[in-house]
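Reading through the C-alpha cells given below for one structure.
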Amino acid sequence: MVVRCAFVRVTMRMPTERKYNSRKMRKTMFYRLRSKLNKTIYDFRCKGVLDKPTLPPLKDDVVILSAVGNHDLIMYLVAVKSFFARFGRGRAVVLVPDNFDDANLKILVEQVNPLRVIRDGEVRVGRCPRGGTWERLVSIIDLLKEHYVIQLDADTVTVGDIGEVIQCVERNQSFTIGTWANQTIEPMENARQNARKSTSTHVQILAEQNFDRLSNFQTGSYVRGQSSFAGFAKGSFTHEALEEFSVEMSAVLGDRKWNEWGSESLASNYVVANSTNAQVLPFPKYRGYVPGESLEKGRSFIHFEGTNRFKGGAYVRKSLEAIHGL
C-alpha cells in the first residue's frame with residue numbers, strides 16, 4: 001500500500017515537471033535566438049567601426065587588455081576604439097579562445113596593432129581555476145611586472161571625459177567601477193557583514209560571507225566593484241599572491257563552488273581593493289547600464305552587460321554615437 005501510494009504520487013508529479021522543463025527549454029531557446037538576432041543587427045549597424053582609424057603601435061607601458069570571443073569582434077572594436085579616443089595612450093593585448101577564427105584574428109591585428117595576442121590555452125593558471133575568465137585575470141597579474149594594466153570588456157562604450165582614469169594611471173593607482181554612489185574601498189569585515197544580510201547562494205556572496213576564514217581577514221580590504229572595467233597598478237600584485245587567495249577561498253567554499261562563474265570577478269575586486277590607494281570611480285559617471293535610465297547626461301563610461309545589453313536600443317545608439325565621433 002505504501003509503495004503503491006508513493007508510486008502514484010511520483011507519477012502525478014511527472015507531467016508537471018515535464019511541462020516545467022519544456023517551458024524552461026523553450027524560454028532558453030527563445031532567449032538564445034533573440035540574442036543572436038540582436039547581435040547580428042548590432043554587428044550590421046556598427047560595422048562602420050572598421051573604417052575608423054586603427055590604434056597606433058605606441059611604445060607605452062600601459063596595457064589595455066580584453067578578452068575577445070569569435071562573436072565579439074565588432075563590439076570589442078567599438079569598446080577599444082571609443083576608449084582609446086578618450087584615453088590617448090596604451091597598447092592593446094587581446095586574450096582569445098583557442099578556437100578563435102583566423103579571419104577574425106587577421107582583422108583584430110589590422111585594427112588594433114596588439115602588443116600581444118594570447119590564447120586561453122597558453123595561460124598558466126597554476127593553482128587558480130581554469131575557465132570562467134580566470135585566464136584573463138591571471139594574464140593581467142602576470143603583466144603587472146612591467147605594465148599598468150586596464151581590463152576593458154568588449155561590451156563597453158566610452159562616451160565622455162575619463163579624467164579620473166587618466167589620473168589613476170598617472171599616479172599608478174588601481175581603480176574599479178562601483179555599484180552604488182559614494183562607494184569606497186572598505187575593510188573585509190564590512191563586506192562580510194553586508195553579505196550576511198543576503199540569502200543568495202551565488203559564489204560571490206558566499207565568498208564575502210566567509211571572508212573571516214581567510215588568513216588576512218584582519219588587514220585585508222574589499223570592494224564590490226565590476227571586473228568589466230578595472231585598472232591594476234604596475235607592481236601591485238603577484239601571481240603567487242593570487243594563487244594563495246584562490247587556494248584559501250577554494251578550501252573555504254569547496255573546489256566545485258569556487259570554480260563557478262563569478263569567482264574571478266570577486267578575485268578581481270579583491271586584487272584592486274588590496275592595491276595601495278586604490279580608487280572607486282565616481283558613480284554613475286562610470287556604471288553598468290540599467291534599461292530605461294537616461295544616458296544623455298553625466299555618463300562617461302557604460303557597461304552594457306548580460307540580459308540588459310540590447311534592451312531599449314541604448315547599446316546600439318551609444319555605439320553609433322561613439323563611432324561617429326572617432
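If you build the convex hull over the alpha carbons only and average its shadow over all orientations, what do you get for the chain? Give it in nm² to one decimal. Walk me through the numbers before you get to the answer.
Details: hull surface 79.2 nm².
Over every viewing direction, the Cα hull of the chain projects on average to 19.8 nm².
Rg/Rh for region 135-286 to two decimals, with Rh computed the Kirkwood way over all alpha-carbon pairs.
Numbers: Rg = 14.9 Å, Rh = 15.7 Å.
That ratio is 0.95, to two decimals.
For Gln279, which sequence-distant residues (separation of 5 or more, or a different chain) have an amide H within less than 5 Å of its own amide H, given hydrogens modelled in the peptide plane?
Ser174, Phe175, Thr176
Mind checking the full-extension length gain between Thr307 and Asp60? Use 0.36 nm per residue of separation minus the Cα-Cα distance, one decimal, nm. Walk me through the intermediate numbers first.
Working: separation 247, 0.36 × 247 = 88.92 nm, distance 3.58 nm.
Between Thr307 and Asp60, full extension yields 85.3 nm more.
As a test, work out the antiparallel percent of DSSP beta bridges whose residues both lie in region 39-169, rounded to the nearest 5. Before the final figure, lay out each step's value.
Details: 0 of 13 bridges.
Roughly 0 percent of the beta bridges in region 39-169 run antiparallel, per DSSP.
How big is region 102-202 along each principal axis, measuring the range of its Cα positions in Å and listing the largest first?
Cα spread of region 102-202 along its principal axes, largest to smallest: 49, 37, 27 Å.
I'd like the antiparallel share, as a percent to the nearest 5, of DSSP beta bridges with both residues in the chain. Kindly include the intermediate steps, with their values, before the conclusion.
Working: 12 of 31 bridges.
In the chain, DSSP labels about 40 percent of beta bridges as antiparallel.
Just tell me which lysines come within less than 27 Å, Cα to Cα, of Lys234; anything on the same chain fewer than 8 places away is out.
Leaving aside lysines fewer than 8 places away in the same chain, those within reach of Lys234 are Lys59, Lys81, Lys145, Lys285.
Which Cα, out of Tyr289, Pro187, Ala241, lies furthest along the positive dipole direction of the chain (beta carbon charges, K/R +1, D/E -1)?
Tyr289
Could you derive backbone 3J(HN,Hα) for region 61-77 from the dihedral phi with the Karplus parameters 6.51, -1.76 and 1.60 (θ = phi - 60°), listing whole Hz in sequence and x where the residue is Gly or Pro?
8, 9, 10, 9, 9, 9, 8, 10, x, 4, 9, 9, 4, 5, 4, 4, 5
Sticking with the crude label model, points 7 Å out along Cα→Cβ, report the distance from Lys47 to Glu122 in nm, one decimal please.
2.9 nm
What residue among Glu240, Glu248, Glu293 shows peak mean-square fluctuation when the chain is described by a Gaussian network model with Cα springs under 10 Å?
Most flexible of the set in this elastic network: Glu293.
Tell me, in nm to one decimal, what length is gained between Ser215 and Leu326 on full extension, where the rule is 0.36 nm per residue of separation less the Cα-Cα distance? The partial results should precede the final answer.
Values: separation 111, 0.36 × 111 = 39.96 nm, distance 4.81 nm.
That works out to 35.2 nm of additional length.
Expressed in nm to one decimal, what extension gain is obtained for the pair Lys257 and Asn113 from 0.36 nm per residue of sequence separation less their Cα-Cα distance? Let's see the in-between values first.
Numbers: separation 144, 0.36 × 144 = 51.84 nm, distance 3.82 nm.
Residue separation times 0.36 nm, minus the Cα-Cα distance, leaves 48.0 nm.
Report the FRET efficiency, 1/(1 + (r/R0)^6), for Glu293 and Met29, where r is their Cβ-Cβ distance and R0 is 22 Å, rounded to 0.05.
Values: r = 30 Å, r/R0 = 1.35.
E between Glu293 and Met29, to the nearest 0.05, is 0.15.
What percentages, rounded to whole numbers, describe P(r) for region 206-251 computed over all alpha carbon pairs with 10 Å bin width beginning at zero?
P(r) for region 206-251, in whole percents per bin: 20, 54, 26.
Quick check for me: using +1 on Lys/Arg Cβ and -1 on Asp/Glu Cβ, what's the dipole size of the chain about its Cα centre, in debye to the nearest 20? Spell out each step's value before the answer.
Working: 46 positive and 35 negative charges, 379 e Å.
Approximately 1820 debye in magnitude.
Could you list which residues have their amide H under 5 Å from that of Val149, counting only those 5 or more apart in sequence or on another chain, with H placed in the peptide plane?
Under 5 Å from the amide H of Val149 lie the amide H atoms of Val63, Phe232, Lys234, each far enough along the sequence or on another chain.
Assign unit charges at the C-beta atoms only (+1 for Lys and Arg, -1 for Asp and Glu), then state the dipole size of region 116-240 relative to its Cα centre in Debye, rounded to the nearest 20.
Numbers: 14 positive and 15 negative charges, 79 e Å.
Dipole about the Cα centre, nearest 20: 380 debye.
With a ≥ b ≥ c taken as the square roots of the eigenvalues of the C-alpha gyration tensor of region 36-120, please select rounded if a/c is under 1.5 and otherwise prolate if a/b is larger than b/c or oblate if it is not? Don't skip to the answer; put the middle values down first.
Details: a/c = 2.00, a/b = 1.27, b/c = 1.58.
In terms of gyration-tensor shape, oblate.
What are the principal axis extents of the Cα atoms in region 269-326, in Å, biggest first?
38, 27, 18
Distance between Cα centroids, region 118-168 to region 252-326: provide it in whole Å.
14 Å
If the elastic network links every pair of Cα atoms under 10 Å, which of Pro53, Pro282, Pro129 fluctuates the most in the Gaussian network model of the chain?
Looking only at Pro53, Pro282, Pro129, the largest GNM fluctuation is found for Pro53.
Which residues' amide hydrogens lie under 5 Å from the amide hydrogen of Leu95, considering only partners 5 or more residues apart or on another chain, with H built in the peptide plane?
Those qualifying (amide H under 5 Å, at least 5 residues apart or on another chain) are Ser66, Ala67, Val68, Ile118.
Using only the alpha carbons of region 196-326, determine the length spanned along each of the three principal axes and report them from longest to shortest in whole angstroms.
49, 34, 24
Whole-Hz Karplus ³J(HN,Hα) for region 136-149, in order, using 6.51 cos²θ - 1.76 cosθ + 1.60 and θ = phi - 60°, x for Gly and Pro?
In residue order, the calculated couplings are 5, 5, 4, 4, 4, 4, 5, 7, 5, 4, 10, 9, 7, 10 Hz.
Can you give the charge dipole size of region 176-326 about its Cα centre, rounded to the nearest 20 debye, using +1 on the beta carbon of Lys and Arg and -1 on the beta carbon of Asp and Glu? Mind dumping the intermediate values first?
Numbers: 16 positive and 15 negative charges, 142 e Å.
Roughly 680 debye, rounded to the nearest 20.
So, R0 is 25 Å and r is the distance between the beta-carbons of Thr201 and Arg130; what FRET efficiency does that work out to, to 0.05? Each step should come with its number before you reach the end.
On the way: r = 23 Å, r/R0 = 0.90.
Efficiency at R0 = 25 Å is approximately 0.65.
To the nearest 500 deg cm²/dmol, what mean residue ellipticity at 222 nm is calculated for the chain from DSSP H runs of n ≥ 4 alone, each contributing -39,500 (n - 2.57), summed and divided by the residues?
Values: 11 runs with 144 residues, N = 326.
So the helix-based figure for the chain works out to -14000 deg cm²/dmol.
Show me 66-77, 313-324 ranked by packing, highest mean number of other Cβ atoms within 10 Å first. Could the numbers behind the result be given before it?
Working: 66-77: 21.2, 313-324: 18.2.
With the highest mean Cβ count within 10 Å placed first, the list reads 66-77, 313-324.
Taking θ = phi - 60°, what integer Hz values does the Karplus form 6.51 cos²θ - 1.76 cosθ + 1.60 yield along region 81-98, in sequence order, with x for Gly and Pro?
Per-residue couplings from phi come out as 6, 5, 5, 4, 4, 8, 8, x, 7, x, 10, 7, 10, 10, 9, 10, x, 4 Hz.
What percent do you get for the relative contact order of the chain when only Cα pairs under 8 Å and 6+ apart count?
Computed value for the chain: 21 percent relative contact order.
Between rounded, prolate and oblate, where does region 24-182 land on the alpha carbon gyration tensor, with a ≥ b ≥ c its root eigenvalues, rounded for a/c under 1.5, else prolate if a/b exceeds b/c?
Numbers: a/c = 1.40, a/b = 1.27, b/c = 1.10.
It comes out rounded by the Cα gyration axes.
Taking the alpha carbon gyration tensor of region 75-126, what are the square roots of 5 times its eigenvalues, largest first, to the nearest whole Å?
Working: eigenvalues 91, 40, 16 Å².
Taking √(5λ) for each Cα gyration eigenvalue gives 21, 14, 9 Å.
What is the ratio of the Cα radius of gyration of region 158-241 to 2.2 N^0.38 Å, with N the residue count, to two decimals? Show your work: numbers first, answer last.
Numbers: Rg = 14.7 Å, N = 84, 2.2 N^0.38 = 11.8 Å.
Cα Rg divided by the expected 2.2 N^0.38 Å: 1.24.
Pick out, in residue order, every one of the trypsin sites (Lys or Arg not before Pro) in region 36-72 that is DSSP loop and has at most 16 other C-beta atoms within 10 Å; say none if there are none.
Counting only loop positions with at most 16 other Cβ atoms within 10 Å, the trypsin sites (Lys or Arg not before Pro) in region 36-72 are Lys59.
FYI, it's all coordinate maths here, none of it is from the lab. Not measured: the values here are computed from a predicted model. For neighbour counting, all protein chains shown are included, and Cβ atoms are generated from backbone atoms with ideal geometry for every residue, glycine included.
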